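Structure record follows, encoded as structure tokens.
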Number of protein chains: 2
Amino acid sequence: MTFDYEDAIAMLSRTPRVLDAWLRDLPSGWIAGTEGPSTWSPFDVVGHLIHGERTDWMTRVDHLLAHGESAPFPVFDRFAQFAASKDRTLGELLDTFAALREDSLRRLRALHLTTADLERPGRHPEFGRVTLGEHLSTWVVHDLDHLVQIARVMGRQYSAAVGPWRKYLRIIE
Amino acid sequence: MTFDYEDAIAMLSRTPRVLDAWLRDLPSGWIAGTEGPSTWSPFDVVGHLIHGERTDWMTRVDHLLAHGESAPFPVFDRFAQFAASKDRTLGELLDTFAALREDSLRRLRALHLTTADLERPGRHPEFGRVTLGEHLSTWVVHDLDHLVQIARVMGRQYSAAVGPWRKYLRIIE
């Protein structure tokens, strides 16, 4: 598929609802479990998505439209959620993410971007020249990547419990 | 985590809601896309989950409780959904899966199984001796494995669209 605004917004708008249906009020073993030291729990992932919403996705869209290739994007802190999520409940994080995502998509729609705009360039601190279309596509896949991570982390809590079936369970094996 | 009925039922009961929040009315490019020849689309995966509900999970629980190790489980057809899903809409499949899963969990609860029952043995056609606890744990992880698959298949539709960011997107790279 090539990037399409409506396809992308359809997916991006669903992510908070998917997380809510999946994680709200789930027993804490699933929510707090990780894949080992220095890996993230589902709780941590929701915090990461919140931080992306606050400082990455639409922030970089605005930056790219304002500066083009003349100024690189600000660097994104991949670990900010550990401080920001402290003392908050998962329910609060899910509510926050849903509200921020709704606002992000409202801002995106308000820009009335066209297919031609997808070619507009920006500068990534590591990659150099990137396009608006690549950035927006990455937003979608980044959501999906973290849904994969949440499923994988939760599935691995039963790595031993499944016994010989692990052979056929790709997220464990 | 060791297997726990309430943990497992909490997860199993959410899967239809997650799929509904995610896939219902999503543009067809996401629903019908695959990872290439002989791979499954999200539509195919929902059909597979329906078939598992009809012929695998609670069917094997009943079989194990009735026969123990004396008779192997019937073999599960991993490709039955291609015929069964033909001419049906995704909305119909989501409704069917939700109803079947609800019925499965009602049947599971009605058995009033205990922690001691988790050690009860059955015979798998390939693995030989397995336990009820391993089978039930596998049911949970199987759901999660297919949620991973759906996210991965959808994310890969944008493999080219994300440009250099693919380096940081685990489901593509």
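Counting just the residues of segment B:112-152 that are more than 15 Å from the chain's Cα centre (by Cα) and aliphatic (A, V, I, L, M), which one comes out nearest to B:His63 (Cα to Cα)? This residue is B:Leu132.
Given the options B:Arg170, B:Arg166, name the one that is within 14 Å of another protein chain (Cβ to nearest Cβ), assigned to a loop (DSSP other than H, G, I, E, B) and without any contact (Cβ under 8 Å) to a residue 60 or more places away in the chain.
Working: B:Arg166 fails: assigned to a loop (DSSP other than H, G, I, E, B).
Going through B:Arg170, B:Arg166 in turn, the sole match is B:Arg170.
When segment B:1-31 is filtered for residues that are open to solvent by 10 Å² or more (accessible area, probe 1.4 Å), small (Gly, Ala, Ser) and touching a Leu at 6+ places or on another chain (Cβ under 8 Å), the ones remaining, listed by number, are B:Ala10, B:Ser13. Residues in segment A:32-81 that are in contact (Cβ under 8 Å) with a residue 24 or more places away in the chain, within 14 Å of chain B (Cβ to nearest Cβ), open to solvent by 20 Å² or more (accessible area, probe 1.4 Å) and aliphatic (A, V, I, L, M): A:Val75 only. Answer yes if at least one residue in segment A:97-105 is within 17 Å of A:Pro42 (Cα to Cα) and touching a residue at least 24 places away in the same chain (Cβ under 8 Å), and no otherwise. Among the residues of segment A:97-105, at least one is within 17 Å of A:Pro42 (Cα to Cα) and touching a residue at least 24 places away in the same chain (Cβ under 8 Å), which makes the answer yes. Every test in (1) modelled with pLDDT of 95 or more; (2) of a type in the set (A, V, I, L, M); (3) touching a helix residue (DSSP H, G or I) at 6+ places or on another chain (Cβ under 9 Å) is passed by B:Ile171 save one, and that test is (1).
Residues checked against (1) more than 13 Å from chain B (Cβ to nearest Cβ); (2) crowded, with 19+ Cβ neighbours inside 10 Å:
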{"site": "A:Ala83", "(1), (2)": "yes, no"}
{"site": "A:Phe97", "(1), (2)": "yes, yes"}
{"site": "A:Asp117", "(1), (2)": "yes, no"}
{"site": "A:Gly128", "(1), (2)": "no, no"}
{"site": "A:Leu136", "(1), (2)": "no, yes"}
{"site": "A:Ile150", "(1), (2)": "no, yes"}
{"site": "A:Ser159", "(1), (2)": "no, no"}
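The values are calculated or read from the model by the stated rules, or taken from the named source; none is laboratory data. If you're wondering where the values come from, they're calculated on a predicted model, not measured in any experiment. Counting neighbours? That spans all protein chains shown, and the Cβs are built from the backbone with ideal geometry, glycine included. These accessible areas exclude ligands, DNA and RNA; they are computed on the full protein's heavy atoms, side chains included. Shrake-Rupley method; radii C 1.70, N 1.55, O 1.52, S 1.80 Å.
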